[in-house]
1. Calculate what fraction, in whole %, of the accessible area of the stretch 154-260 sits on carbon and sulfur atoms when a 1.4 Å probe is rolled over the protein chains.
2. Under the rule of at least 5 residues apart or a separate chain, name every residue whose amide H is placed under 5 Å from the amide H of D489.
3. Express in nm, to one decimal, how much length is gained between N385 and K98 on full extension, taking 0.36 nm for each residue of separation and deducting their alpha carbon distance.
4. How high is the FRET efficiency between N511 and N220 when r is their beta carbon distance and R₀ equals 35 Å, given to the nearest 0.05?
5. In nm², what is the average projected area of the convex hull enclosing the Cα atoms of the stretch 48-193?
6. If I compute solvent accessible area with a 1.4 Å probe over the protein chains, what percent of it on the stretch 339-396 is carbon and sulfur?
7. Please compare each pair in K50/K130; K85/K240; K165/K218; K180/K240; K117/K178 to a cut-off of 29 Å on the Cα-Cα distance and tell me which ones are over it.
8. What length, rounded to one decimal in nm, is gained on full extension from L430 through to N179, with 0.36 nm per residue of separation minus their alpha-carbon distance?
Amino acid sequence: MNNTNVRQLVFAVIISIIFISAAQNVSAQTASTKNKNPFPVKYTSAVDQKIILKTITLAPVYDNVNGIYAAPIQKLLIDLLQSDKVWGYSEFPNFSQKIFVENFDSKPNEVLEALQKTGSQAMLTALVTKGPRGLNARLKLFTQDQGIVLLEESFQDLNTFEISKLREEFVILYHKLKNKLPYRGFVLSRRGIEVTLNLGAQNGVTLGQELTLAQILKLNRHPKLKTLVGIEKEIIGRLKVTKVEPYLSFAQIIFEKETGVVDVGAKVLPTEYVSYPMPIINSEGDVIDDQKTIIKNRSQDLMNEPSTPEPESTGSTKESSPSAYKIGKVIAQAGISQFSESTSLQSGASVSASQSVAPTINLGAQIVVYPSFYVDFNMKQLFFNADHSLAGSTPSSLSYTFSRYTGAIGYTHLLEDTTWGPQVSAQVGLTSYKTQVSDTTPTAFTSTQTDGISLKVIGVMPLQPEYPVEIGANVEFLINPKFSESPVDSGPNSTSVSSYGIFATYAHAKNLKYRFDLSLENIDSTFNGAATRLDPSTTSNIKTISQVIGIEYLF
């Protein structure tokens with residue numbers, strides 16, 4: 001072999017050694033990079049992320065019977081959310097305008113706005129309607145996925161009206177709604193092949209149980225109702241439970257589609273044995289947790305009341321007394337009235353007095369004693385001065401007070417089985433009209449009192465949900481009214497009393513409405529017989545037309 005060939009061979013060997021060393025160095029660097037990131041595979045699904053539910057907000061519960069059912073159901077649902085070990089609760093935000101939960105179906109932007117303000121991932125709405133077909137209750141769950149409804153549960157029964165029974169039905173609706181979710185829980189953390197789940201023994205998880213993990217790729221919705229009818233998913237792993245606590249469990253990954261694909265938020269698919277537990281309430285409507293202690297409501301916490309142990313539930317089905325729910329409204333109004341009084345005397349003379357601007361106040365209260373039944377109290381007073389027309393009678397200026405007092409029992413009937421349907425109320429009670437007027441010589445007018453059994457019919461037509469307005473009308477008559485005079489009288493009489501009115505309310509806030517009333521009251525009397533008045537009356541008429549405006553507060 002010559003020198004040239006030797007040099008070429010040596011050169012080739014050196015080049016080979018350099019190439020092999022470089023390749024080994026690149027391989028080592030690649031291995032080092034992989035070791036720094038042992039879980040390189042990541043799958044992400046926007047839909048999957050939007051239905052991870054950790055915190056829920058509750059929109060104000062509405063009914064169509066002035067809050068009879070809304071208040072106790074609102075408290076129940078807040079208690080359920082606060083005692084839930086999987087979901088947290090976030091208070092519903094204040095909006096600049098009145099919110100109608102019925103509109104959330106068609107206004108997803110308002111849902112997304114509420115979720116953004118509360119930092120929640122979902123929102124519950126509840127509506128209760130009372131109609132000819134009994135009670136209808138609906139519970140809906142809206143999520144971040146487009147702000148549209150995901151799940152809905154409903155209940156309807158012709159014979160259910162008791163609040164205690166309705167509470168039990170809402171607990172069932174809540175339980176069903178939660179178990180219709182396309183997953184039961186999710187991975188809270190991962191370390192190596194060890195994972196922590198937000199499910200435990202209370203959900204039916206057992207030691208050694210195998211669970212399936214998936215990522216949700218698509219939600220299949222009803223084409224019209226938009227509610228969930230199915231999902232498209234990808235199985236990404238399986239777990240074997242190694243430790244179980246009441247509301248948490250720990251497991252090992254026994255199958256993983258690709259290294260690292262099982263991550264925080266991976267969904268545990270429903271199985272026959274894994275579900276959300278049924279909430280428990282006692283006979284007073286308080287939610288009870290697994291330790292049988294009453295979950296205090298938010299108002300108690302805010303008032304910093306001492307947390308004293310409550311009696312343990314006995315499982316009794318005895319209903320709370322309807323009188324325990326002191327729900328109703330108060331009305332306070334002020335305005336002006338036009339008052340006129342006239343009488344014809346046996347001598348042929350006529351006497352009249354009138355005032356076109358009489359200051360007026362109107363106060364009322366209504367308390368619900370049982371669903372659809374209520375007790376109503378009302379008082380109206382006018383204060384003014386007026387000149388009379390009787391020649392030669394002094395003084396010529398009269399000081400008047402006109403009053404009306406009513407106490408009645410009423411029943412409300414819903415004409416349509418809808419949230420904002422028209423309704424009719426009927427009342428029977430006692431009504432008293434009084435006029436107190438200055439004495440004159442000779443007598444111009446007498447102070448009078450008219451009492452009788454009143455029958456009143458009220459019709460209300462809500463314009464919601466388009467407008468936060470209600471309009472209504474009423475008519476009232478007194479049966480066999482008793483008319484009396486002082487200090488003198490014109491003898492036996494026959495009297496008729498009628499009252500007509502129209503009104504409108506505007507909902508300013510959840511519990512507050514502005515209210516306007518226009519009313520006409522008429523008292524007609526005819527006299528025939530022995531009298532103590534020197535110049536007795538043959539007929540008399542008292543009329544008022546009132547316009548008052550104020551507030552109506554619901555409680």
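1. 52
2. Hits under the 5 Å cutoff: T532, R533.
3. 99.0 nm
4. Computed FRET efficiency for N511 and N220: 0.30.
5. Averaging across all directions leaves 9.7 nm² for the Cα convex hull.
6. Ligands and nucleic acids excluded, carbon and sulfur give 60 percent.
7. In this structure, K50/K130; K165/K218 exceed 29 Å between Cα atoms.
8. So the chain would gain 85.0 nm between L430 and N179.
The values are calculated or read from the model by the stated rules, or taken from the named source; none is laboratory data. Values in this document were obtained by computation on a predicted structure and should not be read as measured data. Every residue, glycine as well, gets a Cβ built from its backbone with ideal geometry; the counts of neighbours run over all protein chains shown. Calculation scope for accessible area: heavy atoms of the full protein, side chains included, ligands and nucleic acids excluded. Shrake-Rupley method; radii C 1.70, N 1.55, O 1.52, S 1.80 Å.
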